[in-house]
Every structure is written in C-alpha cells, then in structure tokens.
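Since the structure comes first, as structure tokens, the remarks are kept for the end.
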Amino acid sequence: DPYASGTVCEGGVNVRSSYSTDAGIVTSLGESTIVTVVKEKHTSTTSTAETTRWFYIQKGSAKGWVRADCLEVSYTPVTATTTGAVNVRKGPESTYASVGLAPAGTEVKVRLKTESASGAAWYKVMYGGYVRYINGSYLSFPQESLTENTNFNNELAAFPASYHDALRSLHEKY
C-alpha cells in the first residue's frame, strides 16, 4: 500500500489509541515531528472535512491515530490500474457523488489507503487534477511499485521535511 509522511502541526499532537478524541493517549509528539502516515480513516459518510478524518501514523515504535487537522501530509503516489469500470467519488463511500466512471485499465496515482466510515477499503487518488476516492476492490498495484515506494519513504525520513516535496517529485520522475 502507498505511504505518506506527515509533519505535526503547531503546538504538537496527542497520538490516540483509536480515531476519537475520547480515545486513550498513546504518546504525544512535538511540533514539526515527522511521522510515517500508513492510512486514513473517515468517520463520516457525508463529509471529508479534516475534523472527520484521522491518520494512522508511526513514529519509531509508537503507533496510533492523529486527527487530520493536526498533521500536514506529503504524499508519495504509486500507480495503480483499475480492474473494471469504477465510479470515482468525492468521498470514500457510495453515498458520495460520482465525478466520473474510470474504465477498466485506467492508471491512477494513488496517494493513500483509506478506510470509509463503514469500514470498507478505499484509496485516495488523484483524478482529473483533484483528490478523489476509488473502492479498493477495483484497483491493482504492481508488486515492485509497493516495495520500491516503501523503501523510498523509509529513506525520505532521513531528510528535512522541507526537502520532501522536491525529493518526491524527483523520485516520481526518475
């Protein structure tokens, strides 16, 4: 699955055991701490606002959930191919409006694995220049792309956050 990196927002953040501000605190991270973002969780079937989205993150041995408005995320997209005709949606549920039908064999840039409010596997993709969502059962990933991308993200963590966008651009190009 694709990965991303995130930078903790001003003031720091509590990492939670679940995707709720009521969940227990696993650890706290200081402002500008860089983390690996593993996946995204939506808690609403009608809104993609930052306050209804959570990221599952890793920092060293610490793992847990951070609300989307507390993290600036940089994506390293991987290419996937649609396995059949599929609706591309504004959010990760069939209740969100379709913005188009991607035919079988369409290549899309996948940003991150996303879990819908109902628990279904979706992916956050770039489609027509916009962030959109495709049901995970309709995407196929080349195996070497996943391994290569995971290794790149591990190496990227050694660089200052201000370098990440430029390095991702170079990585994608070459």
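The values are calculated or read from the model by the stated rules, or taken from the named source; none is laboratory data. These figures come from a predicted structure and were not determined experimentally. Here the Cβ is made from the backbone with ideal geometry for all residues, glycine too, and neighbour counts use every protein chain on show. Note: areas computed on protein heavy atoms with side chains; ligands, DNA, RNA excluded. Shrake-Rupley method; radii C 1.70, N 1.55, O 1.52, S 1.80 Å.
In the elastic network of the chain, a GNM with C-alpha springs shorter than 10 Å, the most mobile of LYS41, LYS124, LYS109 is LYS109.
Using the rule -39500 (n - 2.57) for each DSSP H run of four or more residues, divided by the residues of the chain, the 222 nm mean residue ellipticity is -4500 deg cm²/dmol.
The modelled label-to-label distance between ALA97 and SER32, using points 7 Å beyond Cα along the C-beta direction, is 4.1 nm. With every protein chain in place and a 1.4 angstrom probe, the accessible-area ranking of VAL110, VAL73, VAL99, largest first, reads VAL99, VAL73, VAL110.
If you take all other residues with their beta carbon under 11 Å from the beta carbon of THR48, and give Lys and Arg +1 and Asp and Glu -1, the sum is +2. Largest GNM mean-square fluctuation among SER137, SER116, SER162, using the chain with Cα springs under 10 Å: SER162.
The length gained on full extension between ALA49 and SER118, counted as 0.36 nm times the residue separation minus their Cα-Cα distance, comes to 23.2 nm. What shape does region 17-81 have by the C-alpha gyration tensor, where a ≥ b ≥ c are the square roots of the eigenvalues, rounded means a/c under 1.5, and otherwise prolate means a/b greater than b/c and oblate the rest? Because a/c hits 1.5 or more and a/b fails to exceed b/c, region 17-81 counts as oblate.
If R0 is 25 Å, what FRET efficiency do you get for ALA85 and ALA23 from their C-beta distance, rounded to 0.05? Walk me through the numbers on the way to the answer.
Values: r = 39 Å, r/R0 = 1.54.
It comes out at approximately 0.05.
Charges were assigned to the Cβ only: +1 to each Lys and Arg, -1 to each Asp and Glu. The resulting dipole of the chain about its Cα centre is roughly 300 debye.
In the complete set of protein chains, residue-level accessible area for LYS113 is approximately 70 Å², probe 1.4 angstrom.
For the chain, what is Rg from Cα atoms divided by 2.2 N^0.38 Å, rounded to two decimals? Walk me through the intermediate numbers first.
Values: Rg = 15.9 Å, N = 174, 2.2 N^0.38 = 15.6 Å.
So the Cα radius of gyration is 1.02 times the expected 2.2 N^0.38 Å.
The antiparallel fraction among DSSP beta bridges confined to region 12-123 stands at about 90%. Note on LYS90: lysines with a C-alpha under 21 Å away, same-chain residues under 8 apart excluded, are LYS39, LYS41, LYS109, LYS113, LYS124.
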